[in-house]
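Notes for the one structure printed next.
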Amino acid sequence: MSAVLEGITVSEATHSVTLTQAALDKIKNLIGQESEGGLRLRIAVQPGGCSGLIYQLFFDERILDGDATVDFDGVEVIVDPMSVPYLDNAKIDFEDTIQKQGFTIDNPSAQGSCACGDSFH
(Lines give C-alpha, C1' and ligand atoms only; values in the text may rest on other atoms or scores of the structure.)
Protein backbone atom coordinates (compact mmCIF):
# COMPACT_ATOMS: atom_id res chain seq x y z
CA MET A 1 0.00 0.00 0.00
CA SER A 2 1.33 3.45 -0.79
CA ALA A 3 0.17 7.05 -0.64
CA VAL A 4 1.18 10.10 -2.65
CA LEU A 5 2.05 13.22 -0.66
CA GLU A 6 2.98 16.31 -2.66
CA GLY A 7 4.38 14.20 -5.50
CA ILE A 8 6.34 11.85 -3.20
CA THR A 9 5.23 8.23 -2.92
CA VAL A 10 5.42 6.97 0.64
CA SER A 11 5.27 3.23 1.25
CA GLU A 12 3.13 2.10 4.18
CA ALA A 13 4.89 -1.16 5.00
CA THR A 14 4.59 -2.86 8.38
CA HIS A 15 6.72 -5.33 10.33
CA SER A 16 6.02 -8.07 12.88
CA VAL A 17 8.23 -6.79 15.74
CA THR A 18 6.34 -6.46 19.03
CA LEU A 19 7.03 -4.70 22.32
CA THR A 20 6.23 -5.89 25.82
CA GLN A 21 4.55 -3.39 28.14
CA ALA A 22 7.84 -3.03 30.06
CA ALA A 23 9.70 -2.14 26.86
CA LEU A 24 6.97 0.28 25.77
CA ASP A 25 7.00 2.03 29.15
CA LYS A 26 10.80 2.37 29.12
CA ILE A 27 10.85 3.69 25.54
CA LYS A 28 8.17 6.27 26.37
CA ASN A 29 10.21 7.32 29.41
CA LEU A 30 13.41 7.68 27.37
CA ILE A 31 11.67 9.63 24.59
CA GLY A 32 10.15 11.91 27.24
CA GLN A 33 13.64 12.73 28.54
CA GLU A 34 14.83 13.91 25.11
CA SER A 35 14.43 17.56 24.17
CA GLU A 36 13.73 16.73 20.52
CA GLY A 37 10.20 15.98 19.43
CA GLY A 38 9.15 13.42 16.86
CA LEU A 39 11.54 10.67 17.90
CA ARG A 40 10.87 7.08 16.86
CA LEU A 41 12.56 3.83 17.85
CA ARG A 42 14.57 2.40 14.97
CA ILE A 43 15.60 -1.25 15.08
CA ALA A 44 18.20 -2.48 12.61
CA VAL A 45 20.28 -5.58 11.99
CA GLN A 46 23.87 -4.89 10.94
CA PRO A 47 26.89 -7.08 10.17
CA GLY A 48 29.13 -7.47 13.21
CA GLY A 49 29.77 -9.34 16.41
CA CYS A 50 31.24 -12.79 16.78
CA SER A 51 28.15 -14.54 15.32
CA GLY A 52 27.83 -12.30 12.27
CA LEU A 53 24.90 -9.95 12.99
CA ILE A 54 24.12 -7.42 15.72
CA TYR A 55 21.00 -5.51 16.72
CA GLN A 56 20.95 -1.73 16.81
CA LEU A 57 18.26 0.16 18.68
CA PHE A 58 18.29 3.93 18.58
CA PHE A 59 16.02 6.95 18.36
CA ASP A 60 15.56 8.50 14.94
CA GLU A 61 13.55 11.44 13.61
CA ARG A 62 13.61 10.16 10.04
CA ILE A 63 11.46 7.76 8.12
CA LEU A 64 13.34 6.56 5.06
CA ASP A 65 11.93 5.20 1.83
CA GLY A 66 10.85 1.60 2.32
CA ASP A 67 10.91 1.68 6.14
CA ALA A 68 8.33 -0.54 7.82
CA THR A 69 6.53 1.14 10.71
CA VAL A 70 4.15 0.13 13.47
CA ASP A 71 2.69 2.42 16.12
CA PHE A 72 2.54 1.05 19.68
CA ASP A 73 0.36 3.38 21.74
CA GLY A 74 2.10 6.50 20.43
CA VAL A 75 5.58 4.98 20.05
CA GLU A 76 6.47 4.44 16.41
CA VAL A 77 8.84 1.52 15.79
CA ILE A 78 10.72 1.61 12.47
CA VAL A 79 12.55 -1.24 10.75
CA ASP A 80 14.49 -0.76 7.50
CA PRO A 81 13.57 -3.09 4.60
CA MET A 82 16.83 -5.08 4.81
CA SER A 83 16.29 -5.84 8.53
CA VAL A 84 12.60 -6.85 8.34
CA PRO A 85 13.24 -10.54 7.44
CA TYR A 86 15.83 -10.90 10.24
CA LEU A 87 13.34 -9.56 12.80
CA ASP A 88 10.29 -11.60 11.82
CA ASN A 89 8.11 -12.01 14.96
CA ALA A 90 10.85 -10.65 17.25
CA LYS A 91 9.74 -9.43 20.68
CA ILE A 92 11.52 -6.60 22.49
CA ASP A 93 11.43 -6.56 26.28
CA PHE A 94 13.04 -4.43 28.97
CA GLU A 95 14.53 -6.03 32.08
CA ASP A 96 15.33 -4.12 35.24
CA THR A 97 16.64 -6.52 37.85
CA ILE A 98 19.68 -6.76 40.11
CA GLN A 99 21.32 -9.04 37.56
CA LYS A 100 20.45 -7.22 34.36
CA GLN A 101 19.15 -3.92 33.10
CA GLY A 102 18.45 -3.27 29.46
CA PHE A 103 16.52 -4.23 26.39
CA THR A 104 16.38 -7.85 25.27
CA ILE A 105 15.26 -9.23 21.93
CA ASP A 106 13.62 -12.63 21.66
CA ASN A 107 14.07 -13.44 17.98
CA PRO A 108 12.66 -16.73 16.67
CA SER A 109 14.40 -16.04 13.31
CA ALA A 110 17.87 -16.25 14.90
CA GLN A 111 19.60 -19.58 14.26
CA GLY A 112 21.94 -19.11 17.22
CA SER A 113 23.89 -16.52 19.15
CA CYS A 114 27.32 -16.02 20.62
CA ALA A 115 28.16 -16.75 24.26
CA CYS A 116 27.96 -13.09 25.25
CA GLY A 117 24.52 -12.76 23.63
CA ASP A 118 25.37 -9.58 21.72
CA SER A 119 25.23 -11.07 18.24
CA PHE A 120 23.33 -13.75 16.34
CA HIS A 121 23.21 -15.62 13.05
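For this structure, a couple of remarks:
- Remark: the GLN21-SER35 segment gains 2.7 nm on full extension, using 0.36 nm per residue and subtracting the alpha carbon distance.
- Cα→Cβ-extended label distance, 7 Å offset, between ARG62 and GLU95, nm: 3.3 nm
- With all protein chains kept in place, the per residue accessible area of the range 39-107 amounts to 56 square angstrom at a probe of 1.4 angstrom.
- Stretching LYS28 away from VAL70 to a fully extended chain increases their span by 13.6 nm, per 0.36 nm per residue minus the current alpha-carbon distance.
- SER35, SER16, ranked by accessible area, largest first (probe 1.4 Å): SER35, SER16
- On full extension, the segment bounded by SER109 and ASP88 gains 6.9 nm, given 0.36 nm per residue less the C-alpha separation.
- Size of charge dipole - the range 33-107 - debye, nearest 20, with Cβ of Lys, Arg +1 and Asp, Glu -1, no other charges: 280 debye
- Three-way shape call for the range 39-107 based on the alpha-carbon gyration tensor, with the a/c threshold at 1.5: oblate
The values are calculated or read from the model by the stated rules, or taken from the named source; none is laboratory data. Computed from a predicted structure; not experimentally measured. Backbone-built Cβ (ideal geometry, glycine too); neighbour counts: all protein chains shown. SASA here: full protein model, heavy atoms, side chains in, ligands and nucleic acids out. Shrake-Rupley method; radii C 1.70, N 1.55, O 1.52, S 1.80 Å.
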